[in-house]
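Written out below as structure tokens is the structure these notes cover.
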Amino acid sequence: MGEQERMVEAILFASAEPVTVAELTDRMPHGADPAEALVHLRKRYEGRGVTLVRVGDGWAMRTAPDLGFLMQKEMTETRKLSRAAIETLAIIAYHQPATRAEIEEIRGVAVSRGTVDQLLELEWIRLGRRRMTPGRPVTFVVTERFLDHFGLESARDLPGLKELRAAGLLDNRPAPGAALPGEDEGEEMAGQSELFED
Amino acid sequence: MGEQERMVEAILFASAEPVTVAELTDRMPHGADPAEALVHLRKRYEGRGVTLVRVGDGWAMRTAPDLGFLMQKEMTETRKLSRAAIETLAIIAYHQPATRAEIEEIRGVAVSRGTVDQLLELEWIRLGRRRMTPGRPVTFVVTERFLDHFGLESARDLPGLKELRAAGLLDNRPAPGAALPGEDEGEEMAGQSELFED
Amino acid sequence: MADPTPFDDQTPSVSDRLAAEALIIDVDGFEGPLDLLLMLSRTQKVDLRRISVLQLAEQYLAFVDRAKQLRIELAADYLVMAAWLAFLKSRLLLPPDPDEEGPSGEELAAHLAFQLERLEAMRDVAARLMARDQLGRDFFARGLTEDVTRIRRVHYTATLLDLMQAYARIRTHDEFRPYAFDRQHVFTMEQALERMRGLIGYAGGWTDLMGYLPDGWAHDPVRRRSATAATFAASLELAKQGQIEIRQADTFAAITIRRKSSDRS
């Protein structure tokens, strides 16, 4: 086993959070190539009790999911998410960046502040860039912690994403008549929320 | 890799504390033999970035001792020397050996203990001989390290006032009507000190 | 809820009625009108793309009617949706009016079907997401983490130029700056204060302020102006500090000062 592979192994092993290649390079001696070591290491841990997984830009060691039953003791009690929170999370993940108005349009109901706060608190979502439309609404995007929690390499790996996209269900389809050609998005959103909110 | 070895690996990885064989037996499916799995696992991790070690009655995974340096992150911060420090240093360099009272007289303000300590710590100044005057005050002189840092062969190489002026560093108000061309330097200097030192 | 009054033109079976009541009791469980519509659409048991929006609108309106009969208060947004669906229904039933602007009933219906399909799709993927293996439930991170110790080292720097500039600054006893204006004929208030503090003790009674001008500053008009201003400003400062008293008999008369007697301070 190469020295660099040992180093990467030790660093990833010691950390509960994913570590990026840049961070690895930073911590390893000058001239090290953690990317290559990661490839070897990943192979080495295939099929083991602990595996090397990719999370967004980072890498992390995680126990194999099929052994979860052994970990009663380590299980962390997670607050049960409300249906509203789960749906809001899914909408943000699949439509990101998503504004509150977009979430409300899809669910057909107002999003309560608590729901968004809960997701922010879990650090599963965070604020993205503001949308360049009138009112410059904030957008929400999912975080690396979200990816880590659900064992996703990237948001592109969300289950069913491709099918949804192919079916046009991720399109931002304006309500007919709500937006006349040339009208901007902000007004369009307003038109839609009129429909379902009062 | 045996199923039992995988299980032991996952449990030890996820556990915050060393785990005893009895505990492993408890947590693993009925009839498992963790002791044997531990032997295999220990061998597998030999020479790796992580090792299986015995801690008291239990077993734990630890990063290899020789890789401890990876768990430290050295951060070097480059900071400019404070104005007080650089001025104090300049006075010592130009007037050495200089007592604290002399430094204060030239700067016109008290020299804080921290400033002198910082310069001593940097090893840019050191204590010289005591001045043979009442109170026998200590004096400060610049060090080899100081000369090294500033690329000087000796403190005598420091540019004099004349050169500072030539370099535009002592750009002192050619007062309209005051300094007539041809006035001799000595007088001019005297004039200056009258004007600017009080 | 006692009378088995028929709510539609046909008498519902007992099971229908129970189902309807269950639906109504459940109203709190709905996440808004769109959610309710989605639930109602399931009874049609068809692909959402082929759903009959007209039929759905009727189901929804019937639901709202039943809720009214059972005196269940519906949130306003359910009523807004009912009004909109009634409008949609009329558009779908009546032949299109060529003069009327705006989207056709079909377009509106298609969009509603799209919204329902999208909501269902999001429900579906949300469920799939939650069914995934989750960190801390199915797979786990390292239990005993080793923190990275951060060793902070501060490296101080200064260049020879810094050193020389610092020295030049001190030698000129002022902030080193490439540009400096002439201050040769300026007597500062600080200088005046210094001077007056020293002299005020010796002056007994009222003394002319002009007597405090420093030697050599009383004749040259430029110097005199600066020194006078500084001395006057300094006297105000001293008066403010309660050390002296100032007096001027008349406009443009001489200003006189004297030390404030200590028993009054």
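The values are calculated or read from the model by the stated rules, or taken from the named source; none is laboratory data. The structure displayed is predicted, hence computed values, not measured ones. Note that we place each Cβ from the backbone using ideal geometry, even for glycine, and neighbour counts take in every protein chain shown.
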With respect to residue C:67, is the statement that it is at pLDDT below 90 and out of contact with any Asp or Glu (no Cβ under 6 Å at 6 or more places or on another chain) true? yes
Mind telling me which of the residues C:90, C:104 ends up being modelled with pLDDT under 90, closer than 20 Å to residue C:64 by Cα and more than 7 Å from every other protein chain (Cβ to nearest Cβ)? C:90
I want to confirm something. Restricting to the range B:91-112 and keeping residues that are more than 10 Å from chain C (Cβ to nearest Cβ) and part of a loop (DSSP other than H, G, I, E, B), which single residue is surrounded by the most Cβ atoms within 10 Å (Cβ to Cβ)? B:111
Answer yes if at least one residue in the range C:42-51 is in a loop (DSSP other than H, G, I, E, B), surrounded by fewer than 14 Cβ atoms within 10 Å (Cβ to Cβ), charged (D, E, K, R) and within 40 Å of the chain's Cα centre (by Cα), and no otherwise. no
Quick one: count up the residues across the range B:143-154 that are more than 11 Å from chain C (Cβ to nearest Cβ) and modelled with pLDDT under 80. 2
Scan the range A:64-83 and give yes if some residue there is under 25 Å from residue B:27 (Cα atoms) and touching a residue at least 60 places away in the same chain (Cβ under 8 Å), otherwise no. yes
Exactly one condition in (1) closer than 16 Å to residue C:170 by Cβ; (2) under 20 Å from the mean Cα position of the chain (by Cα) is not met by residue B:144; state its number. (1)
Per-region count, the range A:39-76, residues assigned to a strand (DSSP E or B) and either among the aliphatic types (A, V, I, L, M) or buried (at least 20 other Cβ atoms within 10 Å of the Cβ) (or both): 10
Taking the range C:22-64 as the region of interest, how many residues are at pLDDT 80 or above and among the basic types (Lys, Arg)? 1
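Out of A:126, A:79, A:131, I need the residue that is outside any helix (DSSP H, G or I) and modelled with pLDDT of 90 or more. Which one?
Among A:126, A:79, A:131, only A:126 is outside any helix (DSSP H, G or I) and modelled with pLDDT of 90 or more.
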Test residue B:36 against the stated conditions and say whether it is at pLDDT 90 or above, away from chain A (no Cβ under 13 Å) and closer than 30 Å to residue B:6 by Cα. yes
What is the residue count in the range B:39-59 for residues that are of a type in the set (A, V, I, L, M, F, W, C), more than 9 Å from chain A (Cβ to nearest Cβ) and touching a Ser or Thr at 6+ places or on another chain (Cβ under 6 Å)? 0
Lone unmet requirement of (1) surrounded by 13 or more Cβ atoms within 10 Å (Cβ to Cβ); (2) facing another protein chain (nearest Cβ under 9 Å); (3) at pLDDT 85 or above for residue C:146: (3)
Can you pull out every residue in the range C:199-241 that is part of a helix (DSSP H, G or I) and of a type in the set (S, T, N, Q)? C:226, C:228, C:231, C:235
Pull out all pairs, ordered by first then second residue, where Cβ-Cβ is under 7 Å, the residues are six or more apart or on different chains, the first lies in the range B:4-31 and is more than 9 Å from chain A (Cβ to nearest Cβ), and the second is surrounded by 15 or more Cβ atoms within 10 Å (Cβ to Cβ) and of a type in the set (Phe, Trp, Tyr). B:18/B:59; B:19/B:59
For the range A:115-159, the count of residues that are under 23 Å from residue A:78 (Cβ atoms) and among the small types (Gly, Ala, Ser) equals 3
So residue A:159 clears everything in (1) within 14 Å of chain C (Cβ to nearest Cβ); (2) within 16 Å of residue A:86 (Cβ to Cβ); (3) touching a residue at least 12 places away in the same chain (Cβ under 8 Å) except one condition, right? Which one? (3)
Complete set of residues in the range C:72-108 that are crowded, with 17+ Cβ neighbours inside 10 Å and charged (D, E, K, R): C:77, C:89, C:91
Any residue in the range A:99-122 that's not assigned by TED's automatic domain parsing to the domain that holds residue A:145: show its pairings with residues that are assigned to a helix (DSSP H, G or I) at Cβ separation under 9 Å, as long as the two are six or more apart or on different chains. none
